[in-house]
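Engineer: Structure below; questions to follow.
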Amino acid sequence: MRYLLRVGLGVAAGPLLMGPLLAQAPSPAARRAQEIVGLINGANVAAVHAYVDSAFGGRMKGLPMDAHVNFVLGQREASGGLEWAGLQDEQPGQVTALVKRRLTGDWNAILVMVDTQPPYLVTRIGLRPPPPTPGGSESRLASDAELVAALRKSVETLAGADVFSGSVLLAKDGKILYSAAFGQANRDFGALNRLDTKFNLGSMNKMFTSVAIAQLVEQGKLSLDDPLSKFLPDFPSPAAAAKIRIKHLLSHTSGLGSYFNDEFDRSSRARFRTVDDMMQLAKGDSNAFEPGSRWSYSNTGMLVLGKVIEVVTKQDYFQYIRDHIYGPAGMTNSDAYELDRVNPNLAVGYETDFGADGTKRLRNNIFMHVIRGGPAGGGYSTAEDLLRFAEALKSGKLVAKQFVEVLTSTKPELNSPQYGFGFGVDTASGIVGHSGGFPGISSNLDIFIRSGYVAVVLSNYGGASPPVVERIRTLVKQRGPMP
């Protein structure tokens, strides 16, 4: 288990409960949140050890001490320290605290959960996006030029502090307003990131898989209501295959889990290059719940859709995506590259950790990640290619516009209130897209449906994209309400 870090597309923000309330009578959860902010600001390894030993319980207590040290010191590194602003939300046994990053002046929120009985041990910590207007109303930006200037300042500050490495692109109605690259693609050789550097997408490949399924639905080759048994009669079992529908796989409501399991951890990455190879990892999966009854993120579900594509088209999944997604969209620098072959201009991923004395270290993710991405994620692309994908999708070039709406709308009838078919959805802000994360991978595509903006953030530093993503969302909002 890792620390719970999330930048969601849809976040319900309650009223802001400011500092004076805490001064009067802080709840146990609020007191713990204040302590954790202080721990982050102190960035002292010995203090982290002592606090974990005395104040952590449940699953948090079971995490390796290195994970706690890396989280606390990593947050200090990324933020330059946090200023406490108050509580965004408070419920029994948990609070969401609003903080400001000293490095950039941007807002963030930290969820802290505690036992409900003394000594109120900390059971969970997670990052959350801030409320829409933390601390008061936001000033309006009069022009896209002002937006770009503010974005440039934020990104250059983060890159200058070496807490962001990658590329950033912001466009409106298909026209690029801002694009820049920072940091190094390969630190061993000092190779710099460029705008055409290919970054690992993590789970963003799920969008391509879902669009491919939509194409086959449009062609009448399958239906969203088809049972999985029509294509894979025995996976994960005959009974489960009869219950799972294509729409459940697309919306993460199938009950399947993740094929990145213990066998994957123990195995040579070179074993897993084809969809069939990856399906071997998933053969022990089973339904954790009745399909459609709840939402649970599933890498296996998207992998299975890749196999369905192969069964229906009688074509290799990777070639299908090249022919029907990348080709029509003009994505010439995108693919699921095999990493033991020569692949020009691919960024190496790096994860920060800290030594016993608090010294910052960077480790590459070469032996951690897949040797080749697949239907669930792990492919590579560039910021400009992802803009091309977004514009091709919006224009109806990949699937008809009415099916784009199907893909990018929530599915409450399937108990999927913030996810469509392969796309995250925030109905309040009108943002659809997907993120991807792994050690050394932090990527995101935001399509602002109402305003025409598209934002791409790709980083080869683990966890580095959220501050940039949040900043762009705030700035786009400051351009004013869109029709």
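Derivation of every value follows stated rules applied to the coordinates shown; laboratory data play no part. Values in this document were obtained by computation on a predicted structure and should not be read as measured data. Cβ coordinates were reconstructed from backbone atoms using ideal geometry, including for glycine residues, and neighbour counts include every protein chain displayed.
Engineer: Restricting to DSSP loop positions (anything but H, G, I, E, B) with no more than 15 other Cβ atoms inside 10 Å of their own Cβ, which trypsin sites (Lys or Arg not before Pro) remain in the range 93-166?
Structural biologist: Those satisfying the criteria are 102, 140.
Engineer: Between the DSSP loop rule and a limit of at most 12 other Cβ atoms within 10 Å, which trypsin sites (Lys or Arg not before Pro) in the range 423-483 are left? Can you show the working numbers first?
Structural biologist: Details: sites: 450, 471, 473, 477, 479; in loops: 450, 479.
For trypsin sites (Lys or Arg not before Pro) across the range 423-483 that sit outside H, G, I, E and B with at most 12 neighbouring Cβ atoms in 10 Å, the list reads 450.
Engineer: By how many degrees, 0 to 90 and rounded to 10, does the Cα axis of helix 383-395 deviate from the longest principal axis of the chain?
Structural biologist: Here the helix axis deviates by roughly 60 degrees.
Engineer: Using just the helices of the chain, give the 222 nm mean residue ellipticity in deg cm²/dmol: DSSP H runs with n ≥ 4 each add -39,500 (n - 2.57), and the total is spread over all residues, rounded to 500.
Structural biologist: Value at 222 nm, helices only: -9500 deg cm²/dmol.
Engineer: Continuing with the same structure: Take the alpha-carbon positions of the range 280-439, form their convex hull, and give its projected area averaged over all directions (one quarter of the hull surface) in nm². Before the final figure, lay out each step's value.
Structural biologist: On the way: hull surface 52.3 nm².
For the Cα atoms of the range 280-439, the hull's average projected area reads 13.1 nm².
Engineer: Can you compute the equivalent ellipsoid semi-axes for the range 208-367, i.e. the square root of 5 times each eigenvalue of the Cα gyration tensor, sorted largest first and rounded to whole Å?
Structural biologist: On the way: eigenvalues 189, 98, 42 Å².
Ellipsoid semi-axes (Å, largest first): 31, 22, 14.
Engineer: Using Cβ counts within 10 Å as a stand-in for footprinting exposure, how do 451, 298 rank, fewest first?
Structural biologist: Working: 451 18, 298 24.
So the residues, fewest neighbours to most, are 451, 298.
Engineer: If I take every Cα pair under 8 Å that is 6 or more residues apart in the chain, average their sequence separation and divide by the length, what percent do I get for the relative contact order? The partial results should precede the final answer.
Structural biologist: Values: 1019 pairs, mean separation 86.6, N = 483.
18 percent.
Engineer: Follow-up. What does the charge count near residue 276 come to, summing +1 for each Lys or Arg and -1 for each Asp or Glu among other residues with Cβ under 9 Å from its Cβ? Display every interim value, and only then the final one.
Structural biologist: Details: positive: 307; negative: 277, 310.
Here the count lands on -1.
Engineer: Additional query: For a bin width of 10 Å, list the pair-distance distribution of the range 38-196 built from all Cα-Cα distances, rounded to whole %.
Structural biologist: Final binned percentages: 9, 28, 32, 20, 9, 1.
Engineer: For the pair residue 311/residue 149, report the inter-label distance in nm, with labels modelled 7 Å from Cα in the Cβ direction.
Structural biologist: For the pair residue 311/residue 149, the computed spacing is 5.8 nm.
Engineer: Compute the angle between helix 28-42 and the longest alpha-carbon principal axis of the chain, please, reported from 0 to 90 degrees and rounded to the nearest 10.
Structural biologist: Taking the Cα atoms of the chain, the angle to 28-42 is about 90 degrees.
Engineer: Using only Cα atoms, locate the centre of the range 346-400 and the centre of the range 61-138, then give the distance between them in Å, rounded to an integer.
Structural biologist: Between the Cα centre of the range 346-400 and that of the range 61-138, the gap is 26 Å.
Engineer: Give me the number: length gained by fully extending residue 415 to residue 49, i.e. 0.36 nm times residue separation minus the C-alpha to C-alpha distance, one decimal in nm. Kindly include the intermediate steps, with their values, before the conclusion.
Structural biologist: Values: separation 366, 0.36 × 366 = 131.76 nm, distance 4.03 nm.
Here the segment from residue 415 to residue 49 would lengthen by 127.7 nm.
Engineer: Test of the criteria: in the range 101-197, which GluC sites (Glu not before Pro) are in a DSSP loop and have at most 13 other Cβ atoms within 10 angstrom of their Cβ? Mind dumping the intermediate values first?
Structural biologist: Details: sites: 138, 146, 156; in loops: 138.
In loop regions of the range 101-197 (DSSP not H, G, I, E or B), the sparsely surrounded GluC sites (Glu not before Pro) are 138.
Engineer: Next question, about the same structure. Per-residue HN-Hα couplings for the range 215-224, Karplus 6.51 cos²θ - 1.76 cosθ + 1.60 at θ = phi - 60°, whole Hz, x for Gly and Pro?
Structural biologist: Each residue of the range 215-224 in turn: 4, 5, 5, 4, 7, x, 8, 7, 10, 4 Hz.
Engineer: How far, in nm, would the chain grow between residue 115 and residue 271 when pulled straight, counting 0.36 nm per residue and subtracting the alpha carbon separation? Please list the in-between numbers first.
Structural biologist: Numbers: separation 156, 0.36 × 156 = 56.16 nm, distance 4.36 nm.
Contour length minus Cα-Cα distance gives 51.8 nm.
Engineer: How fast does the chain diffuse by Stokes-Einstein, in µm²/s, taking the Kirkwood radius from C-alpha pairs at 37 °C and 0.692 mPa s?
Structural biologist: Numbers: Rh = 23.2 Å.
For the chosen part, D equals 141 µm²/s.
Engineer: Using the Cα gyration tensor of the range 402-483, with a ≥ b ≥ c the square roots of its eigenvalues, what is the shape: rounded (a/c below 1.5), prolate (a/b larger than b/c) or oblate (neither)? Mind showing how you got there, number by number?
Structural biologist: Working: a/c = 2.25, a/b = 1.22, b/c = 1.84.
Taking the square roots of the gyration eigenvalues as a ≥ b ≥ c, the range 402-483 is oblate.
Engineer: Let me ask something else. Report, in listed order, any pair from 283/314; 283/411; 100/247 with a Cα-Cα distance greater than 32 Å.
Structural biologist: On the way: 283/314 21 Å; 283/411 28 Å; 100/247 40 Å.
Long pairs (Cα-Cα over 32 Å): 100/247.
Engineer: Would you mind ranking 139, 165 by Cβ crowding within 10 Å, fewest neighbours first? Present the calculation step by step, with values, prior to reporting the outcome.
Structural biologist: Values: 139 8, 165 26.
So the residues, fewest neighbours to most, are 139, 165.
Engineer: Could you compute the net charge surrounding residue 196? Neighbours are other residues with a C-beta less than 10 Å from the C-beta of residue 196; K and R count +1, D and E count -1.
Structural biologist: Working: positive: 194, 198; negative: 384, 385.
Combined, the nearby Lys, Arg, Asp and Glu give 0.
Engineer: Got the relative contact order for the range 329-468 handy, in percent, Cα pairs under 8 Å and 6 or more residues apart?
Structural biologist: Working: 239 pairs, mean separation 30.4, N = 140.
Over the range 329-468, the number comes to 22 percent.
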